[in-house]
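Below: one structure, written as structure tokens.
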Amino acid sequence: MNLQEDFLAFGGVMVERLRAMLPDTVFVLSAKDLSGVKETAQQAPAVHVIYRDFEPTKGANGAWSGVEQRWLTVVVVRNVVSMATADAPLADAGPLLAKVISAFTAWAPANAAPDWQGMQLKASPPVGYTRAGFAYFPIVWGVDLRIRRGR
């Protein structure tokens, strides 16, 4: 992927990987699929891939050599069986969370650089629960990407 042509290209790579690895019953959606979505139209189970932010990384000489992008995969489940506790959403989300993490563990995209470091799990924001029975489980991924400078 060429970050100079599309700085956010890795999101599409993540979506493709999840669609290949998750059951067809799970909706895999990008941030553009979220625009204008109200919770009443939220599909579940689903995994949303959302760009979060980036931080420059430094090379051996101390100059920046690339970026660490941070991406969210948000697992969404809906279960209204037990609205008083989180037991039902947790039971639904656990296996799906494991599949998402497994999809990116020890995986390298087809066009990854030879020194690809993989995707790193990062500290994630808290889980969100709603009165409509939805639960949102974010996973934050750090992705080190090199940027080639023009000559």
How about the range 125-146: which of its residues are open to solvent by 20 Å² or more (accessible area, probe 1.4 Å) and not polar (S, T, N, Q)? PRO125, PRO126, VAL127, GLY128, TYR129, ARG131, ALA132, TYR136, PRO138, ASP144, ARG146
With the requirement that a residue be crowded, with 17+ Cβ neighbours inside 10 Å, over 9 Å from the mean Cα position of the chain (by Cα) and of a type in the set (A, V, I, L, M), what does the range 50-74 give you? VAL67
Can you name the residue in the range 75-85 that is open to solvent by 30 Å² or more (accessible area, probe 1.4 Å) and of a type in the set (A, V, I, L, M, F, W, C) and is also modelled with the lowest pLDDT among such residues? MET83
For residues in the range 86-111 being modelled with pLDDT of 80 or more and open to solvent by 90 Å² or more (accessible area, probe 1.4 Å), which is nearest to LEU121 (Cα to Cα)? ALA106
List, please: which pairs have Cβ atoms under 6 Å, are six or more places apart or on different chains, and start with a residue in the range 22-46 that is modelled with pLDDT under 90 and end with one that is part of a strand (DSSP E or B) and open to solvent by 90 Å² or more (accessible area, probe 1.4 Å)? ALA44/ARG78
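The values are calculated or read from the model by the stated rules, or taken from the named source; none is laboratory data. All values derive from a computational prediction rather than experimental measurement. All Cβ positions, even for glycine, are placed from backbone atoms using ideal geometry, and neighbour counts span all protein chains on display. For the accessible areas, the whole protein counts, side chains as well, though only heavy atoms, and no ligand, DNA or RNA atoms are used. Shrake-Rupley method; radii C 1.70, N 1.55, O 1.52, S 1.80 Å.
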